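Report on the following structure.
Derivation of every value follows stated rules applied to the coordinates shown; laboratory data play no part. Predicted model, so just to flag it, every value in this text is computed and none were measured.
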Amino acid sequence: MVDHSFADLALAALYDSINPWGPDDDFYLDLVSSADAVLDVGCGTGRLLARAAAAGHPGRLTGLDPAAAMLVQ
């Protein structure tokens, strides 16, 4: 079953504010940072890959999410 909660643009816009960055994000950022290329399946708003890119990740970072509204964010 697919959760369509964040298919709505207004709800997707709230996602990062109701799910603040936390220790689990730091854990995954460390993994991303140590990889040459990353495919983040279910990337949501893409904040993990955006953070990696902002930190200077030199490789290919690709995000994939079934909710187009999340990708708009």
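Quick notes on this one:
- Here the Kirkwood formula puts the hydrodynamic radius of the chain at 12.8 Å, using every distinct Cα pair.
- Amide H contacts for Asp40 (H built 1.01 Å from N in the peptide plane; partners 5 or more residues away or on another chain; cut-off under 5 Å): Thr62, Gly63, Leu64.
- Relative contact order for the chain, counting Cα pairs under 8 Å that sit 6 or more residues apart, in percent: 40 percent
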